[in-house]
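This report concerns only the one structure given below.
The values are calculated or read from the model by the stated rules, or taken from the named source; none is laboratory data. Remember, predicted model here, so these are calculated numbers, not experimental data. We place every Cβ from the backbone using ideal geometry, glycine too, and count neighbours over all the protein chains shown.
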Amino acid sequence: MNWTNRFIARTGRLALLISPMLAALAIALPAFADSSLTATYQGRVIRFTHVQSRAGAPAIGVNDPGFATLLSDTGALLTWKPGERFVLITTSVPSVVSFAIGDRRYDAGPISLQASFAPFLVGDEAYLPLREVLRALDLALREENGVAVLQPQLAALDVRQEDARVTLFAHGGTTLHARVAQESSTSITYAFDGVGTTLAGTRQVSAGGIASITIANAGTLREPSTLVTVQFESGTIAEAPQNTDGRDVLLAFDTPASANPQQPAGGEASPTPEPPPDTTSANGAASAPASGPATVTGVTVAPAADGVSVAIAITGSATYEWHRLREPDNRFWVDIENAQLQGPPIDQSAPAPVLSVRVRQVDPTTVRVALSLSGPKSIAFSSSPDGLGLAIGSQDVADALRSGSGGVGNASTAVAAAPLEQSEPGTGSFDDTSWKFGPRSGYVATNPRLIVIDPGHGGSDPGTAHGGASEAQLTLDMAKRLRAILIDRGWEVKLTRESDVDVYAANDSAHDELQARDDIANKAGARLFVSIHANAFINSGPYGTTTYISKPDDVAFAHFVETHLAADGTKDDGIIKSHLYVTLHARMPAVLIETAFLTNPGDYALLTSAAWRQKVAEEIADGIGQYARTYPVPNQPAQ
């Protein structure tokens, strides 16, 4: 989608780019003046004056002078202009954090998270959730007895293994220095002075001689410290800490070849770890595990007697669902719900019969562990206080179950033996009973076998262009691929344009052009309307696929399309209700799909791949087919 040309999803000039829904959101905000917040940061005082409260949490205005000072001090850059939806913060790492007005979901690099409330507008100023912004900067707001401190955090501790060597990469919100606070023949404790952490807890490693890692808070509010205790086998050598890049510290451990040379990782249990030194929290109280979402702290794959064992380390309680695809695909995945992934996504090869392992945050509350298998292997589940275990057999099994569910921690339940029940479309977060635009229209297609596909832009409006690729060309290519698939499946298909032309007339108005596209579907009495686009932004931060809807009739249709598009290879941004012209004025169920961002390098590589565009077309077709089977038209054959 091009934010400066005429386009399918908005119906006015730049001043009207914010949809009526978002404008109403801004108008409906409480009418009270900004308050202020004074906090100590690195020995200096910063006063924030553009502060409001939303959902019991602070919101910070992007024009706040104190906020500008903090961004400058941390080496971060904020990008936003009035009238735009996305607010980007580029950190010093560098990593891009993207927020969207009216959407609680936000992206921190490749990880998708959920804020305590959605960013909002007050006049021409955007307000962001302050605590989430601070977290992106590796800071935390700590308050005690009326004193507020912006506390740098030990934000990540990444464990990597190469043969008998294990390395720990620590990253923080300020320059890190690791000093040895305590040492014995089987453990060592490092103190990171000047930083707190939310990573407190114990992580089982059981690899390369390392048994476990315990992280704890110590010190005071103004002078925090984080203690990292590593338990290891006797004979393991701890190298001197190395400060690799200011905010990064490398901790390395080597196991002599003579130390248990025949014992594979994950074999015989390691000695019982020694307790870490006595620690207290920032306010002097004993540390306790944080409540809230569970944390997936690691995934370990190791050969077993008859296949492979997969250990998913989980801190806290969570439920999970698992699914597998039929041959010849044989992919298998576990979705751990109410969970956050600690550290970056994982993508690695694995021993047979597992081919590869991918771990990522697929939405703000779900961590997915996906395995590619060499066949329909048997899979057994086991849960423990430390997480979830999978035993994958080496033999193929006939009629393997396709899905199930269970729990770990306090949510532990027996694994479901029967397939999961599918939710009725439209009964989740897009329940028709709460729909703001009113009840269903009662539309009846006069040509129930016809699908109208609208390739976005074209002719005098090329849409967005980047790296030699134009939106108008890409959308037409995907539309033609989708048409071929649908015709092959028995549908009648009509495109709003067959070539790079305007649908109404060259250099026409937005209203005339958009209405002309709807007219093709409305006059033909089509069953469904699909508008295809590619997205863009002022920099490379945002990425992902978004499905837009405008009326109740669109909800169930969008549900099926979005579900299939979730596997297209980029981030699933879900379904968004918005007052888009073509979906609002199409009488039949309609969706507008922003397939990916041309301005994001990863998405650009997908958009310019013919194989990926074919995959997107197939997924949209699958969504159409599933919708048609679920909501058949009377006296019509199933597609």
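To keep it simple, each residue is scored yes or no on (1) touching a Cys at 6+ places or on another chain (Cβ under 6 Å); (2) over 23 Å from PRO385 (Cβ atoms); (3) outside the structural domain of ASP73 (by TED's automatic domain parsing); (4) assigned to a strand (DSSP E or B).
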{"site": "ALA156", "(1), (2), (3), (4)": "no, yes, yes, yes"}
{"site": "HIS171", "(1), (2), (3), (4)": "no, yes, yes, yes"}
{"site": "ARG179", "(1), (2), (3), (4)": "no, yes, yes, yes"}
{"site": "LEU199", "(1), (2), (3), (4)": "no, no, yes, no"}
{"site": "ALA216", "(1), (2), (3), (4)": "no, no, yes, yes"}
{"site": "VAL228", "(1), (2), (3), (4)": "no, no, yes, yes"}
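Quick one: in the stretch 352-379, of everything that is in contact with a Gly (Cβ under 8 Å, 6 or more places away or on another chain) and either among the acidic types (Asp, Glu) or assigned to a strand (DSSP E or B) (or both), which residue is modelled with the lowest pLDDT? It comes out as ASP363. Criterion first (modelled with pLDDT under 90 and part of a strand (DSSP E or B)) does THR167 satisfy it? Taking the combined requirement at face value, the residue satisfies it. Inspection of the stretch 518-530 identifies at least one residue that is out of contact with any strand residue (DSSP E or B) (no Cβ under 9 Å at 6 or more places or on another chain), outside any loop (DSSP other than H, G, I, E, B), without any contact (Cβ under 8 Å) to a residue 12 or more places away in the chain and not acidic (Asp, Glu).
Summed over the stretch 202-246, residues that are among the charged types (D, E, K, R) and surrounded by 22 or more Cβ atoms within 10 Å (Cβ to Cβ) total 0.
Go through (1) under 27 Å from ALA294 (Cα atoms); (2) surrounded by fewer than 18 Cβ atoms within 10 Å (Cβ to Cβ) one by one and return the number of the condition GLY375 breaks. Every listed condition holds for GLY375 apart from (1). Per the conditions (1) buried (at least 21 other Cβ atoms within 10 Å of the Cβ); (2) over 18 Å from the mean Cα position of the chain (by Cα); (3) in a strand (DSSP E or B), the sole criterion not satisfied by VAL87 is (2). Pairing each residue of the stretch 111-123 that is more than 14 Å from ASP573 (Cα to Cα) with any residue that is assigned to a strand (DSSP E or B) and at pLDDT below 90, provided the two are 6+ apart or on different chains, yields C-beta distances under 6 Å for ALA115/ARG104; ALA115/TYR106; ALA118/ASP103; ALA118/ARG104.
Scanning the stretch 495-521 for residues that are under 36 Å from the mean Cα position of the chain (by Cα), of a type in the set (Gly, Ala, Ser) and at pLDDT below 90 gives a single hit, ALA510. Residues in the stretch 505-517 that are hydrophobic (A, V, I, L, M, F, W, C) and not in a loop (DSSP other than H, G, I, E, B) were compared, and the one that is surrounded by the most Cβ atoms within 10 Å (Cβ to Cβ) is LEU514.
If I filter the stretch 524-531 for residues that are surrounded by fewer than 24 Cβ atoms within 10 Å (Cβ to Cβ), among the β-branched types (Val, Ile, Thr) and within 24 Å of LEU495 (Cβ to Cβ), do I get at least one hit? No, that holds for no residue.
Could you tell me whether the stretch 572-581 includes any residue that is at pLDDT 95 or above and among the charged types (D, E, K, R)? Among the residues of the stretch 572-581, not one is at pLDDT 95 or above and among the charged types (D, E, K, R), which makes the answer no. Within the set ARG489, ARG497, the sole residue that is more than 25 Å from LEU88 (Cα to Cα), in contact (Cβ under 8 Å) with a residue 24 or more places away in the chain and touching a strand residue (DSSP E or B) at 6+ places or on another chain (Cβ under 8 Å) turns out to be ARG497. Within the stretch 597-612, residues that are within 10 Å of HIS466 (Cβ to Cβ) and part of a helix (DSSP H, G or I) sit with their Cβ atoms under 8 Å from residues that are charged (D, E, K, R) and at pLDDT 95 or above, at 6+ positions apart or across chains, in these pairs: LEU607/ARG613. Looking at the stretch 50-78, which of the residues that are closer than 16 Å to LEU141 by Cβ and of a type in the set (Val, Ile, Thr) is surrounded by the most Cβ atoms within 10 Å (Cβ to Cβ)? Within the stretch 50-78, the match that is surrounded by the most Cβ atoms within 10 Å (Cβ to Cβ) is ILE60. Is it true that some residue in the stretch 163-176 is surrounded by fewer than 19 Cβ atoms within 10 Å (Cβ to Cβ), at positive phi and in contact (Cβ under 8 Å) with a residue 24 or more places away in the chain? So far as the stretch 163-176 goes, yes, one or more of its residues are surrounded by fewer than 19 Cβ atoms within 10 Å (Cβ to Cβ), at positive phi and in contact (Cβ under 8 Å) with a residue 24 or more places away in the chain. Suppose the filter is in a strand (DSSP E or B) and within 29 Å of GLY544 (Cβ to Cβ); does LEU71 pass it? In short, no. Has the stretch 579-586 got any residue that is within 19 Å of ASP454 (Cβ to Cβ) and within 21 Å of the chain's Cα centre (by Cα)? Within the stretch 579-586 (the criterion being within 19 Å of ASP454 (Cβ to Cβ) and within 21 Å of the chain's Cα centre (by Cα)), the answer is no, since none of the residues qualifies.
Condition check ((1) under 18 Å from ARG105 (Cβ atoms); (2) in the same structural domain as LEU486 (by TED's automatic domain parsing); (3) surrounded by 24 or more Cβ atoms within 10 Å (Cβ to Cβ)) across all residues:
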{"residue": "THR545", "(1), (2), (3)": "yes, yes, yes"}
{"residue": "GLY569", "(1), (2), (3)": "no, yes, no"}
{"residue": "HIS579", "(1), (2), (3)": "no, yes, no"}
{"residue": "LEU598", "(1), (2), (3)": "no, yes, yes"}
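When ALA536 is tested against (1) modelled with pLDDT of 95 or more; (2) in contact with an Asp or Glu (Cβ under 8 Å, 6 or more places away or on another chain), just one condition goes unmet, and that condition is (1).
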